[in-house]
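The values are calculated or read from the model by the stated rules, or taken from the named source; none is laboratory data. From a predicted model like this one, the values you see are computed outputs, not experimental measurements. For neighbour counting, all protein chains shown are included, and Cβ atoms are generated from backbone atoms with ideal geometry for every residue, glycine included.
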Amino acid sequence: MRLGATLDAREYGGKAAYLSAASRAGLPVPEGVALSWQEVDFIVSRVPERDEALSVDLGDLADVPLAVRSSAVGEDSRGASFAGQHLTLLNVVGDDAVWNAIRRVWQSGREEAALAYRQRMGMADDPRIGVVVQQLVPADVAGVLFTCDPVSGAANRWVIEASWGLGEAVVAGLVTPDVYVATPSGDLLEARQGTKKVAVIPDAGGGTSQRVIEDDGWCLDEAALRDVVSLGAACEDLFGPGQDIEWAFAGGEPWLLQSRPVTT
């Protein structure tokens, strides 16, 4: 199902449902498709007719670098985030790589750590792993925005973290990102420069590699900070207060990669 359609989170997972609603509302969401957990189960079980149907589903996305992300049912909620538990694969190129990536994302939901997290959250049912396949944003800068203080919950302190390249550098702990604290209207309250000597970048043939950063300056200028805050405000208008947002800039243009409630 193309992002922009009305998606049921019980079938496609919260991540896909949120992204699709954001796309429908005109927010800058990369083009993509969502696969329900039933469709993913079909792919993983290698039902022969499913491969042909998947090629139709991807359409013109079959010829561009892709990001393949989990969208498990119950994954993105105020009570459970599964942060770091489910796999994300970036710069996936070609049909075979896409099918393999989907299977790897499905399997990540059944790894010991993910199952243990499910048990702690009181989720007794089997994992239902939907998947989002989107055009890759070749990010110059990427990061997260919490539209509240993620520690205190203060609604007047929005926290932005940013680093060079794809967001995987932050996820993998390769860098300490820049941190900005701003009001919901965009006034800067605090800024702490991080240590960002490595950027994760897409490789020409698929996959990613690390590049050494010589000039470890600030990632975001005033205009980019305003764009991130504006994106956060748009997400709050659409989904309500307290959003955990992943964003990226490519060629100076901001993109929304995820919006979900801040997990409490």
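Here segment 94-106 is the region considered, the condition is being surrounded by 19 or more Cβ atoms within 10 Å (Cβ to Cβ) and not small (G, A, S), and the residue that is modelled with the lowest pLDDT is W99.
To keep it simple, each residue is scored yes or no on (1) modelled with pLDDT of 80 or more; (2) aliphatic (A, V, I, L, M).
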| residue | (1), (2) |
| --- | --- |
| S108 | yes, no |
| E112 | no, no |
| Q119 | no, no |
| M123 | no, yes |
| I129 | yes, yes |
| L136 | yes, yes |
| D140 | yes, no |
| V144 | yes, yes |
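Out of curiosity, is P138 under 15 Å from the mean Cα position of the chain (by Cα), surrounded by 15 or more Cβ atoms within 10 Å (Cβ to Cβ) and assigned to a loop (DSSP other than H, G, I, E, B)? In short, yes. Looking across segment 214-247, the residues that are more than 16 Å from F146 (Cβ to Cβ) and either among the basic types (K, R) or outside any helix (DSSP H, G or I) (or both) come down to E214, D215, D216, G217, W218, C219, D221, R226. Looking across segment 26-48, the residues that are surrounded by fewer than 20 Cβ atoms within 10 Å (Cβ to Cβ) and either in a strand (DSSP E or B) or under 18 Å from the mean Cα position of the chain (by Cα) (or both) come down to G26, L27, P28, E31. If you take the residues in segment 232-264 that are polar (S, T, N, Q) and surrounded by fewer than 18 Cβ atoms within 10 Å (Cβ to Cβ), which one is nearest to V171 (Cα to Cα)? So, considering only residues that are polar (S, T, N, Q) and surrounded by fewer than 18 Cβ atoms within 10 Å (Cβ to Cβ), the one nearest to V171 (Cα to Cα) is T263.
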